[in-house]
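Down below is the structure, laid out as C-alpha coordinates.
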Amino acid sequence: MPGKGASRMRLLLVEDHDLLRDSLRSGLSATGYVVDSTGDGEEGLWHALHDTYDLLILDIMVPKITGLEILTQVRAAGKNVPILLLTARDGVDDRVEGLDLGADDYLTKPFAVAELLARVRALIRRQHQAPHPVISIGDLSIDTVNRRVRRAGAEVTLTPREFALLEYLALRAGAVVTRSELCEHLYEFASDPDSNAVDVLVSRLRRKLTLPDNPAPVQTRRGYGYLLDTQAEPT
(Lines give C-alpha, C1' and ligand atoms only; values in the text may rest on other atoms or scores of the structure.)
Protein backbone atom coordinates (compact mmCIF):
# COMPACT_ATOMS: atom_id res chain seq x y z
CA MET A 1 0.00 0.00 0.00
CA PRO A 2 1.56 3.34 -0.97
CA GLY A 3 2.82 5.42 1.88
CA LYS A 4 2.23 9.08 2.59
CA GLY A 5 3.84 12.01 0.91
CA ALA A 6 3.57 11.83 -2.88
CA SER A 7 1.31 11.39 -5.84
CA ARG A 8 2.10 9.52 -8.99
CA MET A 9 4.24 12.26 -10.46
CA ARG A 10 6.66 10.83 -13.00
CA LEU A 11 10.37 10.79 -12.11
CA LEU A 12 13.53 9.69 -13.91
CA LEU A 13 16.22 8.12 -11.73
CA VAL A 14 19.72 7.71 -13.20
CA GLU A 15 21.94 5.77 -10.76
CA ASP A 16 24.50 3.11 -11.70
CA HIS A 17 24.77 1.41 -8.30
CA ASP A 18 22.30 -1.45 -8.71
CA LEU A 19 21.38 -1.92 -5.06
CA LEU A 20 20.97 1.80 -4.42
CA ARG A 21 18.98 2.29 -7.63
CA ASP A 22 16.64 -0.57 -6.78
CA SER A 23 16.26 0.70 -3.22
CA LEU A 24 15.48 4.25 -4.29
CA ARG A 25 13.11 3.12 -7.02
CA SER A 26 11.30 0.85 -4.56
CA GLY A 27 11.03 3.61 -1.96
CA LEU A 28 9.82 6.21 -4.43
CA SER A 29 7.34 3.81 -6.02
CA ALA A 30 5.99 2.71 -2.64
CA THR A 31 5.45 6.37 -1.80
CA GLY A 32 3.36 6.74 -4.93
CA TYR A 33 5.67 8.06 -7.65
CA VAL A 34 5.94 6.63 -11.16
CA VAL A 35 9.68 5.96 -11.54
CA ASP A 36 11.63 5.23 -14.72
CA SER A 37 15.16 4.18 -13.81
CA THR A 38 18.44 3.29 -15.49
CA GLY A 39 22.10 2.88 -14.59
CA ASP A 40 23.30 4.01 -18.02
CA GLY A 41 24.02 7.69 -18.66
CA GLU A 42 23.29 7.52 -22.38
CA GLU A 43 19.93 5.87 -21.82
CA GLY A 44 19.16 8.37 -19.07
CA LEU A 45 19.96 11.29 -21.37
CA TRP A 46 17.73 9.89 -24.13
CA HIS A 47 14.75 9.58 -21.79
CA ALA A 48 15.41 12.99 -20.22
CA LEU A 49 15.30 14.61 -23.65
CA HIS A 50 12.47 12.61 -25.24
CA ASP A 51 10.09 11.81 -22.36
CA THR A 52 8.18 14.09 -20.00
CA TYR A 53 9.08 14.11 -16.31
CA ASP A 54 8.19 16.13 -13.25
CA LEU A 55 11.70 15.72 -11.84
CA LEU A 56 15.08 14.15 -12.68
CA ILE A 57 17.28 12.50 -10.05
CA LEU A 58 20.81 12.19 -11.44
CA ASP A 59 23.82 10.55 -9.87
CA ILE A 60 26.89 12.54 -10.96
CA MET A 61 29.12 9.52 -11.53
CA VAL A 62 27.27 7.30 -13.99
CA PRO A 63 28.96 5.54 -16.96
CA LYS A 64 29.08 6.71 -20.59
CA ILE A 65 27.58 10.13 -19.87
CA THR A 66 27.89 11.66 -16.40
CA GLY A 67 25.04 13.20 -14.49
CA LEU A 68 26.58 16.65 -15.01
CA GLU A 69 26.66 16.08 -18.78
CA ILE A 70 23.02 14.99 -18.73
CA LEU A 71 22.20 18.12 -16.74
CA THR A 72 24.08 20.31 -19.23
CA GLN A 73 22.34 18.84 -22.28
CA VAL A 74 18.89 18.96 -20.67
CA ARG A 75 19.29 22.65 -19.88
CA ALA A 76 20.76 23.33 -23.34
CA ALA A 77 17.61 21.77 -24.82
CA GLY A 78 15.55 24.37 -22.97
CA LYS A 79 13.96 21.97 -20.50
CA ASN A 80 13.24 23.50 -17.10
CA VAL A 81 12.38 20.23 -15.34
CA PRO A 82 13.63 20.25 -11.71
CA ILE A 83 16.90 18.33 -11.31
CA LEU A 84 18.21 16.83 -8.09
CA LEU A 85 21.84 15.65 -8.13
CA LEU A 86 23.15 12.73 -6.09
CA THR A 87 26.87 12.72 -5.37
CA ALA A 88 29.36 10.84 -3.23
CA ARG A 89 31.61 13.87 -3.36
CA ASP A 90 31.53 16.31 -0.48
CA GLY A 91 33.68 19.11 -1.88
CA VAL A 92 32.17 22.57 -2.18
CA ASP A 93 33.48 22.93 -5.75
CA ASP A 94 31.49 19.88 -6.91
CA ARG A 95 28.27 21.19 -5.43
CA VAL A 96 28.82 24.66 -6.85
CA GLU A 97 29.53 23.24 -10.31
CA GLY A 98 26.25 21.33 -10.37
CA LEU A 99 24.22 24.33 -9.18
CA ASP A 100 25.94 26.62 -11.69
CA LEU A 101 25.07 24.20 -14.50
CA GLY A 102 21.39 24.47 -13.60
CA ALA A 103 20.69 21.86 -10.91
CA ASP A 104 17.95 22.80 -8.47
CA ASP A 105 19.23 20.85 -5.48
CA TYR A 106 21.69 18.13 -4.48
CA LEU A 107 22.15 15.39 -1.90
CA THR A 108 25.49 14.03 -0.75
CA LYS A 109 25.70 10.29 -0.17
CA PRO A 110 24.94 8.69 2.17
CA PHE A 111 21.54 10.24 2.78
CA ALA A 112 18.27 9.23 4.39
CA VAL A 113 15.49 8.24 1.99
CA ALA A 114 13.13 10.44 4.01
CA GLU A 115 15.30 13.45 3.16
CA LEU A 116 15.28 12.52 -0.54
CA LEU A 117 11.48 12.30 -0.49
CA ALA A 118 11.20 15.68 1.22
CA ARG A 119 13.50 17.30 -1.36
CA VAL A 120 11.51 15.72 -4.21
CA ARG A 121 8.19 16.99 -2.83
CA ALA A 122 9.57 20.50 -2.34
CA LEU A 123 11.04 20.68 -5.85
CA ILE A 124 7.82 19.51 -7.50
CA ARG A 125 5.74 22.02 -5.53
CA ARG A 126 8.16 24.79 -6.43
CA GLN A 127 8.04 23.84 -10.11
CA HIS A 128 4.27 24.14 -10.16
CA GLN A 129 4.27 27.30 -8.03
CA ALA A 130 2.42 25.55 -5.25
CA PRO A 131 4.68 26.07 -2.21
CA HIS A 132 1.95 25.06 0.25
CA PRO A 133 1.33 21.30 0.52
CA VAL A 134 -2.46 21.79 0.63
CA ILE A 135 -4.09 22.90 -2.63
CA SER A 136 -7.51 24.55 -2.23
CA ILE A 137 -9.81 25.08 -5.22
CA GLY A 138 -13.36 26.09 -4.45
CA ASP A 139 -14.70 23.60 -1.90
CA LEU A 140 -12.00 21.08 -2.86
CA SER A 141 -8.97 20.58 -0.58
CA ILE A 142 -6.04 18.39 -1.66
CA ASP A 143 -3.36 17.57 0.94
CA THR A 144 -0.37 16.51 -1.17
CA VAL A 145 1.68 15.33 1.82
CA ASN A 146 -0.87 13.25 3.70
CA ARG A 147 -2.71 12.28 0.49
CA ARG A 148 -6.14 13.32 1.74
CA VAL A 149 -8.91 14.92 -0.26
CA ARG A 150 -11.95 16.76 1.06
CA ARG A 151 -14.89 18.29 -0.76
CA ALA A 152 -17.27 20.58 1.12
CA GLY A 153 -15.59 19.35 4.31
CA ALA A 154 -16.28 15.67 3.66
CA GLU A 155 -13.36 13.31 3.09
CA VAL A 156 -13.17 11.64 -0.33
CA THR A 157 -11.40 8.28 -0.50
CA LEU A 158 -9.29 7.88 -3.64
CA THR A 159 -7.00 5.18 -4.95
CA PRO A 160 -3.33 6.20 -5.46
CA ARG A 161 -3.83 6.62 -9.20
CA GLU A 162 -7.05 8.60 -8.75
CA PHE A 163 -5.22 10.87 -6.32
CA ALA A 164 -2.37 11.24 -8.83
CA LEU A 165 -4.80 12.29 -11.53
CA LEU A 166 -6.52 14.82 -9.28
CA GLU A 167 -3.26 16.35 -8.06
CA TYR A 168 -1.90 16.61 -11.58
CA LEU A 169 -5.04 18.43 -12.72
CA ALA A 170 -4.97 20.63 -9.61
CA LEU A 171 -1.38 21.73 -10.23
CA ARG A 172 -2.57 22.88 -13.68
CA ALA A 173 -5.98 24.11 -12.55
CA GLY A 174 -7.83 26.05 -15.20
CA ALA A 175 -5.70 24.66 -18.05
CA VAL A 176 -6.62 21.80 -20.36
CA VAL A 177 -4.45 18.69 -19.89
CA THR A 178 -4.42 16.26 -22.80
CA ARG A 179 -5.04 12.53 -22.49
CA SER A 180 -1.54 11.78 -23.79
CA GLU A 181 0.05 14.03 -21.15
CA LEU A 182 -1.93 12.33 -18.40
CA CYS A 183 -0.93 8.92 -19.70
CA GLU A 184 2.74 9.92 -19.74
CA HIS A 185 2.63 11.02 -16.11
CA LEU A 186 0.49 8.23 -14.69
CA TYR A 187 2.23 5.20 -16.20
CA GLU A 188 5.83 3.98 -16.38
CA PHE A 189 7.47 3.75 -19.81
CA ALA A 190 7.52 -0.04 -19.54
CA SER A 191 3.76 -0.23 -19.14
CA ASP A 192 1.17 -0.40 -21.90
CA PRO A 193 -2.13 1.02 -20.60
CA ASP A 194 -5.36 0.51 -22.51
CA SER A 195 -6.26 3.31 -24.91
CA ASN A 196 -9.23 4.33 -22.75
CA ALA A 197 -7.48 3.91 -19.39
CA VAL A 198 -7.32 7.66 -18.73
CA ASP A 199 -10.98 8.15 -19.66
CA VAL A 200 -12.03 5.38 -17.27
CA LEU A 201 -9.87 6.88 -14.51
CA VAL A 202 -11.37 10.34 -15.02
CA SER A 203 -14.86 8.86 -14.91
CA ARG A 204 -14.14 7.17 -11.57
CA LEU A 205 -12.64 10.34 -10.11
CA ARG A 206 -15.54 12.48 -11.31
CA ARG A 207 -18.05 10.07 -9.76
CA LYS A 208 -16.30 10.23 -6.37
CA LEU A 209 -16.12 14.02 -6.40
CA THR A 210 -19.77 14.54 -7.36
CA LEU A 211 -22.07 15.84 -4.65
CA PRO A 212 -25.89 16.10 -4.67
CA ASP A 213 -26.80 19.09 -6.85
CA ASN A 214 -23.09 19.88 -7.28
CA PRO A 215 -21.19 18.14 -10.10
CA ALA A 216 -17.50 17.36 -9.93
CA PRO A 217 -15.20 20.22 -11.00
CA VAL A 218 -13.39 17.94 -13.47
CA GLN A 219 -14.53 18.97 -16.94
CA THR A 220 -14.07 17.42 -20.38
CA ARG A 221 -12.92 19.45 -23.35
CA ARG A 222 -13.98 17.18 -26.18
CA GLY A 223 -11.15 16.48 -28.59
CA TYR A 224 -8.59 18.07 -26.26
CA GLY A 225 -8.57 16.63 -22.76
CA TYR A 226 -9.61 17.55 -19.22
CA LEU A 227 -9.32 20.43 -16.79
CA LEU A 228 -10.08 21.20 -13.18
CA ASP A 229 -12.47 24.15 -13.07
CA THR A 230 -11.10 26.94 -10.87
CA GLN A 231 -14.50 28.67 -10.89
CA ALA A 232 -16.24 25.84 -9.04
CA GLU A 233 -18.30 27.40 -6.25
CA PRO A 234 -18.24 26.02 -2.71
CA THR A 235 -21.46 24.36 -1.61
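The values are calculated or read from the model by the stated rules, or taken from the named source; none is laboratory data. Treat the numbers as computed from the prediction; the structure is a model and nothing was measured. Please note: Cβ atoms are built from the backbone with ideal geometry, for glycine as well, and neighbour counts cover all protein chains shown.
Inside the stretch 156-206, can you point out the residues that are modelled with pLDDT of 85 or more and either of a type in the set (Phe, Trp, Tyr) or not assigned by TED's automatic domain parsing to the domain that holds VAL218 (or both)?
Within the stretch 156-206, PHE163, TYR168 meet the criteria.
Filter the stretch 57-86 down to the residues that are more than 17 Å from ASP100 (Cβ to Cβ), of a type in the set (A, V, I, L, M, F, W, C) and touching a strand residue (DSSP E or B) at 6+ places or on another chain (Cβ under 7 Å) and list them by number.
Of everything in the stretch 57-86, those that are more than 17 Å from ASP100 (Cβ to Cβ), of a type in the set (A, V, I, L, M, F, W, C) and touching a strand residue (DSSP E or B) at 6+ places or on another chain (Cβ under 7 Å) turn out to be ILE57, VAL62, VAL81, LEU86.
Which residue is surrounded by the fewest Cβ atoms within 10 Å (Cβ to Cβ), if the candidates are limited to the stretch 217-232 and must be among the small types (Gly, Ala, Ser) and farther than 13 Å from LEU169 by Cα? Break it down into steps so the answer makes sense when it comes.
Keep residues of the stretch 217-232 that are among the small types (Gly, Ala, Ser), which gives 223, 225, 232.
Still in the list and also farther than 13 Å from LEU169 by Cα: 223, 232.
Values: GLY223: 6, ALA232: 20.
Applying the filter and picking the extreme gives GLY223.
I'd like the residue in the stretch 155-169 that is of a type outside the set (A, V, I, L, M) and in a loop (DSSP other than H, G, I, E, B) and, out of all such residues, is nearest to MET9 (Cα to Cα). Give the derivation first.
Step one: of the stretch 155-169, the residues of a type outside the set (A, V, I, L, M) are 155, 157, 159-163, 167-168.
If we keep only those that are in a loop (DSSP other than H, G, I, E, B) too, we end up with 157, 159.
On the way: THR157: 19, THR159: 14 Å.
By that ranking, first place goes to THR159.
Residues being without any contact (Cβ under 8 Å) to a residue 60 or more places away in the chain, farther than 17 Å from ALA88 by Cα and buried (at least 18 other Cβ atoms within 10 Å of the Cβ): count how many of those fall in the stretch 7-24.
The qualifying residues number 1.
Is at least one residue of the stretch 121-134 more than 17 Å from HIS185 (Cβ to Cβ) and either modelled with pLDDT of 90 or more or among the acidic types (Asp, Glu) (or both)? Step through it out loud before you land on a result.
Filtering the stretch 121-134 for residues more than 17 Å from HIS185 (Cβ to Cβ) gives 122, 126, 129, 131-134.
With the extra rule that they be either modelled with pLDDT of 90 or more or among the acidic types (Asp, Glu) (or both), the set shrinks to none.
Among the residues of the stretch 121-134, not one is more than 17 Å from HIS185 (Cβ to Cβ) and either modelled with pLDDT of 90 or more or among the acidic types (Asp, Glu) (or both), which makes the answer no.
Looking only at helices (runs of 4 or more DSSP H) that fall completely inside the stretch 46-154, which ones have 3 or more residues that are in the same structural domain as LEU28 (by TED's automatic domain parsing), over 23 Å from THR31 (Cβ atoms) and among the aliphatic types (A, V, I, L, M)?
Numbers: elements: 67-76, 92-100, 113-127.
Correct list: 67-76, 92-100.
Filter the stretch 207-235 for residues that are β-branched (Val, Ile, Thr), at pLDDT below 85 and farther than 16 Å from ARG150 by Cβ and give the result. Before the answer, list the steps.
To start, the set of residues in the stretch 207-235 that are β-branched (Val, Ile, Thr) comprises 210, 218, 220, 230, 235.
Pick out the ones that are also at pLDDT below 85 and you get 230, 235.
THR230, the sole residue that qualifies.
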